[in-house]
Each structure stands twice: as C-alpha cells, then as structure tokens.
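As structure tokens, the structure follows; a few thoughts come after it.
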Amino acid sequence: MLQQLPEFYRGKKVFLTGHTGFKGSWLLYWLNKMQAEIKGYALAPENAFDLYNQIQGDSLCTSVIADINNSVKLEEEIVSFQPDIIFHLAAQPLVRLSYEIPEETFATNAMGTAHVLKALRSLSKPCTVILITTDKVYENKEWVYPYRETDRLGGLDPYSASKACAELVIHSYYNSFFHINRYKDHQKAIAVARAGNVIGGGDWAKDRIIPDIVRALENDNIISVRNPKAVRPWQHVLEPLGGYLLLAQKLSDDVYKYSGAWNFGPLAEDNLTVEDLVKKAIQVWGKGNYHTPSDNKALHEAGLLKLDISKAASELQWKPKWDAAKAITRTLEWYKSSKTAKASELIDKDIIAYSI
C-alpha cells in the first residue's frame, strides 16, 4: 500500500503541527521526499542537535515557529496556506514531565487540539485532517486484552488524561460542526490516530527509554530501568507514520468509510517488556549493563498496555512490517551510525528499506 503514497502526496499542500519534534521531523522528511508542499507549525527545537536541525528542517518546509496555544496565529497560518491535508502532532508528549507541568500539558494537548479544529471551521475548502493522540487515551485496567477503538477512554497521569480530553474535544467538534452526515456542506474529513510507543533514530527527549539507553551506553554508564516488567506496544516510528499517511489517503478518497478512530501498533504477540528492550539494545550496541533503582516515590506509569490493530489491518490493509526486535536493532544501529553519517542519510535509508 505504501507504494501508492508518493503519487498521492506529490504536490499536496500539507499543514503539519509539531514538525520540529521527533515524530514530526520524521514525517516532515518523508512528506518532503514525496514532494508535498509543507507548512510546519511548532515551537522551536530545544537543542542544536535535535533531529529537526540535523535534517535541516527549515529547508524542507515553510516553518512557522509559534505556540499551538496561540489560536489567532494558528488560524491565520492555516487559512492563509489553504491546506489539502492537516496532520496534527503538536503536543506535550512526556508522561513524567506532565506531572511537573500538568496545566501546560492539558492546555497544549486538549486546548491545542481545539484550536486546530476551530481554525478548520474558517477554512472554506475540502480538507482531510488526521489528529494524533496516543495509545494511552484508554482507561487502562492493565488487563491482557488489547484495547479496541470503541473501548472507554480515561487516564490516570496528566499526559494520558490530557490526550483523552483531546479525544472528547474532537468528538464534540465532529458532532457539532464536522459530522459525516453534513460532509457535503463542510467538506472536512476527520480521523483520529492512536499509536503505540514509538522508537527510532534521532530521539533525544528526556525520560524516554531509547534516548536514556543511548546516553548511558555512549558514556559507559549503567542504564537505569524504572519499570523493567512493564509491557508496551513498541514500534518503529515509521510504522505509525506510514499508518497516518495511508489513513489520510484513504480518508481523502472515502470520508464515509474511513472517518473515526484508528489504532496503530505492533502485532499482539510482539509486545515486549522494558527489560526485554534494554537487553536487546545492549546486544545490538555490543556492551552495557543495567539496574533497577528502588524508588518508593515513583510516579504512576502503566504496567501493561496493548492495542488491538485488527480494524486497521482489515479496513486499511495496514499492518506492521518490522517486529519489535527489528525496530530496536535498526534504532540502535541508527545511533551508532550517526557518529559518521548524516541524520538525513540515515532517515532516507530507513524510509527506503521500510517502503520496499
């Protein structure tokens, strides 16, 4: 299915929020590779070594550095650009940081989404919109059953709850202004994408497992593992991005069939523990050790989380191409190669390999 994407995106006007982030930078590069015309809207990269700067992101798009909470600015940029497609990735994406800045997390993730949808009401042309939330929007009962798109939403930590709030915002705007039954009037196609725990080269965020592992390995430090038995739906970053791109294409062709929420994650039998991931990373790197510190004041993080991807598999014909072991291997090899190769070359190599 991915072979059809370059023809579809060539010349399309794509508005991408969060384009300076980790996932946003990968998606920006891929869209540019397919010759889309891109306008990005996000905060500035935090560091000179962030992936966006490494791939010279300013040369790949018209970059607007602004806050998603600036509703007036966001609407001006969307309306002036007249996009065919919007991918909304801008977010405060870190669970542990959300405990430190809960109000900002709710503002960015819930109200930021509302601002995108508000701007959409001022757009007087057809537009396909993919709103990215997370696998953590579900009310996690930590049971062995994978969560389906119709399961109850919730969230204990501020990050998860803020994303569940964003889903409620989307649901309200959809029913109030963009319902499928009135599509011929408003011409806005809306879908929500919920992805698992993504890994891939170029991520340097604090308190994310792969960046923490790489920093420790590069400095010959022992890897600190907070929740070794926690199970997550690990997947390479290209897996959900390929799903988003495919979903936008399908939704553009048939809004009545492809509106709604979609899970993008690994196969059910491919969920690894944090400890499994760390061991595999050490194996690929060629050295390293880890330990589990005792912390009686540890913040709550989910212990078990699985996604049911049968809807995407049956209706989009989307399924993961790389299992968790391959995703970990390619990710660690990316970081090892980054000492001698350009980030853009490494991303390009992964996209080509994934798209075959």
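Rule-based calculations on the coordinates, nothing more; no lab input. Remember, predicted model here, so these are calculated numbers, not experimental data. So basically every Cβ, Gly included, is an ideal-geometry build from the backbone, and we count neighbours across all protein chains shown.
Any idea what the dipole of the stretch 223-347 comes to, in debye rounded to 20, about its Cα centre with Lys/Arg Cβ at +1 and Asp/Glu Cβ at -1?
In debye, rounded to 20, the stretch 223-347 gives about 420.
For the chain, what does -39500 (n - 2.57) per DSSP helix run (n ≥ 4), summed and divided by total residues, give at 222 nm, in deg cm²/dmol to the nearest 500?
Result for the chain, helices only: -12000 deg cm²/dmol.
Which Cα, out of Val144, Gly112, Leu277, lies furthest along the positive dipole direction of the chain (beta carbon charges, K/R +1, D/E -1)?
Val144
Name the residues of the stretch 216-246 whose amide N is less than 18 Å from a point 7 angstrom out from the Cα of Tyr99 along the C-beta direction?
Under 18 Å, as judged by backbone N against the label point of Tyr99, lie 224-231 of the stretch 216-246.
Any idea what the dipole of the stretch 2-355 comes to, in debye rounded to 20, about its Cα centre with Lys/Arg Cβ at +1 and Asp/Glu Cβ at -1?
520
Within the P(r) computed for the chain, what percentage of the Cα pairs occupies the region above 35 Å?
Tail fraction, whole percent: 17.
Efficiency by 1/(1 + (r/R0)^6): what FRET value for Gln283 and Glu315, r their Cβ-Cβ distance, R0 = 45 Å, to the nearest 0.05?
Efficiency computed from Cβ-Cβ geometry: 0.75.
For a quick check: with amide H placed at 1.01 Å from N, whose amide H comes under 5 Å from Leu153's, ignoring anything fewer than 5 positions away on the same chain?
It is Glu139, by chain and number.
Please list, in order along the stretch 9-17, the HN-Hα scalar couplings obtained from phi with the Karplus expression 6.51 cos²θ - 1.76 cosθ + 1.60 (θ = phi - 60°), rounded to whole Hz, x for Gly and Pro.
Computed from phi, the couplings for the stretch 9-17 are 7, 4, x, 6, 8, 10, 9, 10, 7 Hz.
Treating the beta-carbon of each Lys and Arg as +1 and of each Asp and Glu as -1, no other charges, what is the dipole magnitude of the stretch 1-150 about its Cα centre, to the nearest 20 debye?
Here the stretch 1-150 has a charge dipole of around 500 debye.
Take the alpha carbon atoms of the stretch 146-217, find their center, do the same for the stretch 36-107, and report the distance between the two centers in whole angstrom.
Each part's Cα centre sits 15 Å from the other's.
Thr340 to Leu43: extension gain in nm, 0.36 nm per residue of separation minus the Cα-Cα distance?
Gain on extension, Thr340 to Leu43, equals 104.1 nm.
Summing +1 for each Lys or Arg and -1 for each Asp or Glu, what net charge is found among the other residues whose Cβ lies under 15 Å from the Cβ of Val255?
With Lys, Arg at +1 and Asp, Glu at -1, the net is +1.
Give the distance, in whole Å, between the Cα centre of the stretch 128-143 and the Cα centre of the stretch 330-349.
Each part reduced to its Cα centre gives a spacing of 30 Å.
In whole Hz and in residue order, list the ³J(HN,Hα) couplings for the stretch 79-89 that follow from phi through the Karplus curve 6.51 cos²θ - 1.76 cosθ + 1.60, θ = phi - 60°; x for Gly and Pro.
Rounded to whole hertz, the list is 5, 5, 7, 6, x, 7, 9, 10, 10, 9, 10.
On C-alpha positions alone, give me the angle between the axis of helix 209-218 and the longest principal axis of the chain, in degrees, nearest 10.
Helix 209-218 sits roughly 40 degrees off the main axis of the chain.
Among the listed pairs Lys23/Lys339; Lys39/Lys279; Lys39/Lys188, which are separated by more than 29 Å between their Cα atoms?
Lys39/Lys279, as the Cα separations exceed 29 Å there.
For Tyr173, what is the net charge nearby, where nearby means another residue's Cβ is under 9 Å from its Cβ and Lys, Arg count +1, Asp, Glu -1?
+2
With point charges of +1 on the Cβ of Lys and Arg and -1 on the Cβ of Asp and Glu, referenced to the Cα centre of the stretch 2-355, which listed residue (Asn219, Leu307, Pro293) lies farthest in the positive direction of the dipole?
Leu307
Pull up all non-local amide H partners of Leu307: gap of 5 or more, or a different chain, and H-to-H distance under 5 Å with H placed in the peptide plane.
Tyr147
Report, in degrees rounded to the nearest 10, the 0 to 90 angle that the Cα long axis of helix 324-337 makes with the longest principal axis of the chain.
80
Taking neighbour counts of Cβ atoms within 10 Å as a proxy for exposure, in what order, fewest first, do Phe22, Phe264 appear?
Phe22, Phe264
So between Arg182 and Thr150, what do we pick up on full extension, going 0.36 nm a residue minus the alpha carbon distance?
Extending this stretch completely gives an extra 9.2 nm.
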